[in-house]
Amino acid sequence: MTDTIFTPWSLGGVELANRVVMAPMTRNRADAEGVLPDSAVDYYRQRAGAGLIVSEASQPSVEAQGYPGTPGIHTDAQQAQWAKVADAVHEAGGRIYIQLMHTGRVGHPSVRPTNSPQLAPSVVRADLEVETINRTVEPCPEPREMTLDEIAQTIEDHVGAAERAIAAGADGVELHGANGYLLHQFLSPGTNQRTDEYGGSPENRARFVLEVARAVAARIGADRVGLRLSPGGKFNDMRDRGNEDTYLALVQELAHEPLAYLHTLRGRTSTLHEELRRLWPSTYVINTGYGGSSELDEVRPILESGQADLVSVGRLFISNPDLVARWRHGIDRAEWDEDTFFFGDDRGYTDYPSSNSNH
């Protein structure tokens with residue numbers, strides 16, 4: 001009998017070869033213009049054995065960038081390089097969604113040529129240290145509260161970036177509503193203290209994410225849009241507790257016009273995760289998060305028990321470009337080198353060998 005994890009799955013309008021998703025992972029290899037290096041084409045091609053690749057987070061506008069070295073998807077040059085990536089993945093038999101991320105209050109103005117301030121739902125500074133354009137470390141600056149015009153522009157920026165992603169040949173986009181970035185900041189009462197239509201109640205806190213998702217879906221098709229959430233997540237100084245009603249309000253609304261998938265991070269299951277799974281009418285993806293590596297014996301039961309339709313795995317794909325084949329054939333996995341996760345050259349990026357070279 002074939003393991004569920006190795007069986008195909010229909011996602012939106014495309015067929016995935018298996019149920020394993022390569023989770024989005026920032027690698028900070030893009031140049032000062034937000035353009036990926038040529039080696040990124042090889043990096044993603046090597047990992048096309050995943051059922052679906054979700055790319056590293058990519059900013060939909062200049063203002064959305066918070067870190068040095070992250071790619072964008074808002075200029076012609078950026079789009080052209082993403083097109084090479086998408087072509088390479090497809091030629092290798094894979095599928096790829098490009099993740100769109102606005103960092104909101106997290107980041108440093110020096111990484112943007114405009115030196116514009118960090119934008120956020122409210123003036124709540126993140127108690128973090130962040131990297132500057134010179135790779136020095138400074139405290140996260142106090143953000144500026146977004147105006148209604150800036151909210152509307154940010155929604156349109158996501159739509160424009162999604163259009164570019166599809167034009168580049170990507171199979172879809174993932175909206176990053178997790179890990180303490182802008183969409184997550186709107187969902188959490190700890191970072192969203194607004195008193196207008198974008199804050200104050202569960203429905204209002206969910207409004208911005210809902211409007212982004214609906215606008216992007218209207219432009220490129222709901223079956224090409226995924227959404228990532230991290231209910232209860234603490235990453236990036238988030239205090240995401242006591243707002244389960246916000247996530248329920250969001251998912252109940254989106255369920256009427258389901259996206260391609262809902263992608264949730266969870267260290268362990270909760271009644272909220274179970275309820276989101278029950279409410280969600282299309283593909284449901286679980287990522288076990290930062291609690292350790294997602295070994296086969298840990299993720300297989302998630303699918304076998306029906307907790308999710310797909311499982312996403314991060315760091316193991318860095319050092320094992322052919323992770324699914326290794327799992328399928330019982331081949332030992334390679335260890336990763338954390339010193340090369342962020343920044344640097346091709347070492348620790350495209351030089352991890354495939355097991356196929358030895359078998």
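The values are calculated or read from the model by the stated rules, or taken from the named source; none is laboratory data. All values derive from a computational prediction rather than experimental measurement. As a convention, Cβ positions derive from the backbone with ideal geometry for all residues, glycine included, and neighbour counts pool all protein chains shown.
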Legend entry - Residues located in segment 123-155, provided they are of a type outside the set (A, V, I, L, M, F, W, C), out of contact with any Lys or Arg (no Cβ under 6 Å at 6 or more places or on another chain), within 20 Å of Arg207 (Cβ to Cβ) and in a loop (DSSP other than H, G, I, E, B): Thr147
Legend entry - Some residue of segment 151-168 being surrounded by 19 or more Cβ atoms within 10 Å (Cβ to Cβ), of a type in the set (Asp, Glu), at pLDDT 95 or above and within 19 Å of the chain's Cα centre (by Cα): yes
Inset, instruction - Inspect segment 16-27 for any residue being free of Cβ contacts under 8 Å to residues at least 60 places away in the same chain, in a loop (DSSP other than H, G, I, E, B) and either surrounded by 17 or more Cβ atoms within 10 Å (Cβ to Cβ) or in contact with a strand residue (DSSP E or B) (Cβ under 8 Å, 6 or more places away or on another chain) (or both) and give the result as yes or no. - result: no
Inset, instruction - Considering every residue within segment 125-148, establish whether at least one is under 21 Å from Pro37 (Cβ atoms) and among the hydrophobic types (A, V, I, L, M, F, W, C). - result: yes
Legend entry - In segment 38-53, residue farthest from the chain's Cα centre (by Cα) [restricted to those that are within 21 Å of Leu100 (Cβ to Cβ) and hydroxyl-bearing (Ser, Thr, Tyr)]: Tyr43
Inset, instruction - Of all residues in segment 82-93, count the ones that are at negative phi and either acidic (Asp, Glu) or surrounded by fewer than 23 Cβ atoms within 10 Å (Cβ to Cβ) (or both). - result: 7
Inset, instruction - Find the residue count for segment 100-113, including only residues that are surrounded by fewer than 24 Cβ atoms within 10 Å (Cβ to Cβ) and not basic (Lys, Arg). - result: 4
Inset, instruction - Within segment 248-279, track down each residue that is among the charged types (D, E, K, R) and touching a Pro at 6+ places or on another chain (Cβ under 8 Å). - result: Arg266
Inset, instruction - Could you please let me know if Glu257 is part of a loop (DSSP other than H, G, I, E, B) and either of a type in the set (Gly, Ala, Ser) or touching a residue at least 40 places away in the same chain (Cβ under 8 Å) (or both)? - result: yes
Legend entry - In segment 1-15, residue nearest to Thr283 (Cα to Cα) [restricted to those that are part of a loop (DSSP other than H, G, I, E, B) and in contact with a helix residue (DSSP H, G or I) (Cβ under 6 Å, 6 or more places away or on another chain)]: Gly12
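For residues in segment 315-344 being touching a residue at least 60 places away in the same chain (Cβ under 8 Å) and aromatic (Phe, Trp, Tyr), which is nearest to Asp297 (Cα to Cα)?
My answer is Trp327.
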